[in-house]
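Engineer: Quick one: structure below, then a few questions.
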Amino acid sequence: IKYTDTMLPVLQKAGFNTIYFDSNVNPALVTEAAELGMWIVPELRVMNDERVALSPEEITKQVQRYADNDAVLFRRLSGIFSFEQAPLVDRATQVARGADPGHPIAADVWDGMMPYSRSVNMVGVYRFPLMTTLELPKYREWLEARRKLANPGVFTWTWIQTHLPDWYSELLYNQNAQAEFKEPVGPQPEQIRLLAYSALASGCRGLGYWSDRFLADSHQGRDRLLACALLNQEMDMMEQMLVTAEESPQWIDTSVTDVKAA
């Protein structure tokens, strides 16, 4: 889960096993997460705020910051990347591996699945369909298409939308989505469940929840938090089936026209 401001013990009790921190995180929070038995995913920046590539020395310095932390699970490149940035990412990942060859590197990719699946270990593909005109069956097809565009067998994962888009919040509630809400707001718990199930059944090997802020009381998020906790328990129960499946998922029709099974 992407850390914003929910207390770490709350997330740990809800069954989240890994916390993604950005580069500005307070080191005390990283220590607390590790002491709670959670995995850590630190952000690795390859470009500055002006979208200029960082030097190998700057990348190495970031990697060395957590090189001795046993709680680090993998490193995630900051941002979402297009095909044109593939050579830049390839050079940056080579530098990062030279500084720390023991941890995988993940990146969120919009297009250019083939070159990215050669240079990073874990390819993230995502978009946020809720509150848009993209229906969930089409979202499922989009996830499947992205996986098939990558190298066969590459580890693909996705983010699960737990939040309102900023434009939607400002349009409907006349306030920024980061602000506190006095009334229940979306997404609905059932929508989060459908997103998670669609992602798993489309072949994603990992799920990340985009923001813990919308699971907090400040955003009326207790029902969504409980839904995520239940999903985490269900994935624990199904873990052996999910991680040992070798064949690609196949979607089939059911006796109900609008329902498919994987």
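Engineer: Within segment 152-171, is even one residue open to solvent by 50 Å² or more (accessible area, probe 1.4 Å), in a strand (DSSP E or B) and not small (Gly, Ala, Ser)?
Structural biologist: yes
Engineer: Can you tell me which residue is modelled with the highest pLDDT among those in segment 17-72 that are among the basic types (Lys, Arg) and outside any helix (DSSP H, G or I)?
Structural biologist: In this case the residue turns out to be Arg45.
Engineer: Right, something else. Mind listing just one residue for me: the one in segment 172-201 that is more than 24 Å from Met122 (Cβ to Cβ) and not in a loop (DSSP other than H, G, I, E, B) and, of those, least open to solvent (accessible area, probe 1.4 Å)?
Structural biologist: Only one residue fits best here, namely Pro189.
Engineer: If you scan segment 73-100, which residues turn out to be part of a loop (DSSP other than H, G, I, E, B) and either within 14 Å of Gly112 (Cβ to Cβ) or open to solvent by 70 Å² or more (accessible area, probe 1.4 Å) (or both)?
Structural biologist: Of everything in segment 73-100, just one residue is part of a loop (DSSP other than H, G, I, E, B) and either within 14 Å of Gly112 (Cβ to Cβ) or open to solvent by 70 Å² or more (accessible area, probe 1.4 Å) (or both), namely Ser82.
Engineer: Using beta carbons and a limit of 7 Å, which pairs, at least six apart or on different chains, have the first residue in segment 239-257 and free of Cβ contacts under 8 Å to residues at least 12 places away in the same chain and more than 17 Å from Leu207 (Cβ to Cβ) and the second one aromatic (Phe, Trp, Tyr) and loosely packed, with under 10 Cβ neighbours inside 10 Å?
Structural biologist: Listed by first residue and then by second, the contacts come to nothing, as the list is empty.
Engineer: Consider Cys204 against the criteria (1) hydrophobic (A, V, I, L, M, F, W, C); (2) over 17 Å from Val125 (Cβ atoms); (3) in contact (Cβ under 8 Å) with a residue 24 or more places away in the chain: it satisfies all of them except one. Which criterion is unmet?
Structural biologist: Going through the list (1) hydrophobic (A, V, I, L, M, F, W, C); (2) over 17 Å from Val125 (Cβ atoms); (3) in contact (Cβ under 8 Å) with a residue 24 or more places away in the chain, Cys204 breaks only (2).
Engineer: In addition: Quick check on segment 221-261: of everything there that is of a type in the set (Val, Ile, Thr) and assigned to a helix (DSSP H, G or I), which residue is nearest to Ile1 (Cα to Cα)?
Structural biologist: Top of the filtered list is Val243.
Engineer: List pairs: first in segment 59-84 and closer than 12 Å to Ala107 by Cα, second in a helix (DSSP H, G or I) and not aliphatic (A, V, I, L, M), Cβ under 8 Å, 6+ apart or cross-chain?
Structural biologist: Leu77/Thr93; Phe81/Tyr116
Engineer: So, one more: Kindly list, by first and then second residue, each pair from a residue in segment 5-17 that is open to solvent by 50 Å² or more (accessible area, probe 1.4 Å) to a residue that is part of a helix (DSSP H, G or I) and modelled with pLDDT under 95, limited to pairs with Cβ atoms under 7 Å and residues at least 6 apart or on different chains.
Structural biologist: Cβ pairs passing all conditions: Asp5/Arg213.
Engineer: Mind listing whichever residues of segment 209-220 are of a type in the set (Ser, Thr, Tyr) and either in a helix (DSSP H, G or I) or open to solvent by 90 Å² or more (accessible area, probe 1.4 Å) (or both)?
Structural biologist: Ser218
Engineer: Right, here's the next one. Test Lys2 against the stated conditions and say whether it is loosely packed, with under 13 Cβ neighbours inside 10 Å and either in contact with a Ser or Thr (Cβ under 6 Å, 6 or more places away or on another chain) or more than 20 Å from Ser119 (Cβ to Cβ) (or both).
Structural biologist: No; evaluated as a whole, the condition is false for this residue.
The values are calculated or read from the model by the stated rules, or taken from the named source; none is laboratory data. In this text the structure is predicted, and so the values were computed from the model without any measurement. Cβ coordinates were reconstructed from backbone atoms using ideal geometry, including for glycine residues, and neighbour counts include every protein chain displayed. Keep in mind that these areas ignore ligands, DNA and RNA; they rest on the heavy atoms of the full protein, side chains included. Shrake-Rupley method; radii C 1.70, N 1.55, O 1.52, S 1.80 Å.
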